[in-house]
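Everything below concerns the one structure shown next.
The values are calculated or read from the model by the stated rules, or taken from the named source; none is laboratory data. The shown structure was predicted, so the numbers you read here are calculated from the model rather than taken from an experiment. Heads up, the Cβs are rebuilt from the backbone with ideal geometry, glycines too, and the neighbour counts pull from every protein chain shown. Areas reflect the complete protein model, heavy atoms only, side chains present, ligands, DNA and RNA absent. Shrake-Rupley method; radii C 1.70, N 1.55, O 1.52, S 1.80 Å.
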Amino acid sequence: MPDRAWDATPDPAHSTEGNTTADPTGPPSEAPPVLVEVVRSGFVEGRHRGAVVLLDRDGAVARAWGRVDVPLFPRSCNKPLQAAAMLRAGVELAGERLALAAASHSGEPFHLRLVRRMLAEHRLSEELLGCPADLPLDQEAAREWLAAGHQPSPVAMNCSGKHTAMLATCGAAGWPVDGYLDPGHPLQRAITDTVERLAGEPVAQVGVDGCGAPLLSLSLTGLARSFRACVLAPEGAPERRVADAARAHPEYVAGSRRHDTWLMRGLPGALAKMGAEGVQAVALPDGRALAFKVEDGARRALGPVLAHALRLMGVTAPVLDRVAEAPVTGGGRPVGALRAVF
């Protein structure tokens, strides 16, 4: 990564309709700009729209496309913030365990072994997990799980590390485990306080995430700000401890075959977390940060947007080519690709 701020001047070659480099607010009725084109055999057959914000080292918005100041659900991008709140509440987690508390894990064997170990260490039973039964997120891990005769299980669900940490936090703080997913529970109130402080904005909407936990809305700018706060926090602070654990053990945050793992391995010091419905946040160790949302939630667009946004920030690393790869196939062979165009 170059040791300088990147050029914040918009590149006309990458401009699209709805580009809001000067004004990140834009009219509410404006269609989101096109972020990615789907190219098959030289023909653009589809487009993914969305919004992107890039923060400079001082936390100011350097460039933005689309509406980056309106609330959205960051989905699992909130997990590092939730984990920081749990540390503040008194739970003792470190290393791989803390990374798993902030994870959307793939359900690979090493993930599930650690979930069960954490449950045992905190004298918790699997029956207490409030996340739904599911198969491992990773397709290969799911095939192996089923081949071994297993059924969908809360432990295999990608949020089981977070739920285990939530239950452990209740024990450490003396809070009841009953109702730990209720927005009014002391655990969830503590999480809301931490999320609002790190994002620098109030939570405008509370929903229910796919795992059943309260889902706190943020703007893309607030989300990027919160990740920046984690990497810049003083050493030993809860937020910094989460960032350090995730960066040291990225395979526990995601999995062996996931963009977040590759990126944190290939860009030392970066904190990266994706969320469902096409959300992604990244913070670099010098304070630069980004967040984006693919409007239609298409996961296939995440890699191209992520790699292109980092390149616009001046980041150069071989891992970006790996992250950006999103081939379009025909007849079992590549005949095109998704390309970022913002």
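Considering only segment 25-67, state which residues are aliphatic (A, V, I, L, M) and either part of a helix (DSSP H, G or I) or free of Cβ contacts under 8 Å to residues at least 24 places away in the same chain (or both).
The answer is 31, 44, 60.
Pairs, please: C-beta under 8 Å, at least 6 apart or cross-chain, first residue more than 19 Å from residue 126 (Cβ to Cβ) and in segment 168-183, second open to solvent by 60 Å² or more (accessible area, probe 1.4 Å) and part of a helix (DSSP H, G or I)?
Listed by first residue and then by second, the contacts come to 183/189.
On the given criteria, is residue 70 open to solvent by less than 10 Å² (accessible area, probe 1.4 Å), at pLDDT 95 or above and either under 30 Å from residue 118 (Cβ atoms) or not in a helix (DSSP H, G or I) (or both)? Spell out the reasoning first.
Details: open to solvent by less than 10 Å² (accessible area, probe 1.4 Å): no; at pLDDT 95 or above: yes; either under 30 Å from residue 118 (Cβ atoms) or not in a helix (DSSP H, G or I) (or both): yes.
Here the answer is no, as residue 70 does not meet what is asked.
So which residues in segment 90-110 are open to solvent by 20 Å² or more (accessible area, probe 1.4 Å) and within 17 Å of residue 158 (Cβ to Cβ), if there are any at all? Steps first, please.
Applying the first criterion (open to solvent by 20 Å² or more (accessible area, probe 1.4 Å)) to segment 90-110 yields 90, 92, 94-97, 109-110.
The answer is 96, 97, 109, 110.
Any chance segment 314-328 includes a residue that's buried (at least 17 other Cβ atoms within 10 Å of the Cβ), out of contact with any Pro (no Cβ under 6 Å at 6 or more places or on another chain) and not β-branched (Val, Ile, Thr)?
Yes: segment 314-328 contains one or more residues that are buried (at least 17 other Cβ atoms within 10 Å of the Cβ), out of contact with any Pro (no Cβ under 6 Å at 6 or more places or on another chain) and not β-branched (Val, Ile, Thr).
Mind counting the residues in segment 92-134 that are part of a loop (DSSP other than H, G, I, E, B) and not acidic (Asp, Glu)?
Matching residues across segment 92-134 total 17.
From 199, 229, 233, which residue is open to solvent by less than 50 Å² (accessible area, probe 1.4 Å), closer than 23 Å to residue 93 by Cβ and more than 18 Å from the chain's Cα centre (by Cα)?
Testing whether each residue is open to solvent by less than 50 Å² (accessible area, probe 1.4 Å), closer than 23 Å to residue 93 by Cβ and more than 18 Å from the chain's Cα centre (by Cα) leaves just 233.
Can you tell me which condition residue 149 does not meet? The list is (1) open to solvent by 50 Å² or more (accessible area, probe 1.4 Å); (2) of a type in the set (Gly, Ala, Ser); (3) touching a residue at least 12 places away in the same chain (Cβ under 8 Å), and all the others hold.
Going through (1) open to solvent by 50 Å² or more (accessible area, probe 1.4 Å); (2) of a type in the set (Gly, Ala, Ser); (3) touching a residue at least 12 places away in the same chain (Cβ under 8 Å) one by one, residue 149 breaks only (3).
Quick one: which helices (runs of 4 or more DSSP H) lie wholly within segment 207-260 and hold at least 3 residues that are touching a residue at least 12 places away in the same chain (Cβ under 8 Å) and of a type in the set (D, E, K, R)?
238-248
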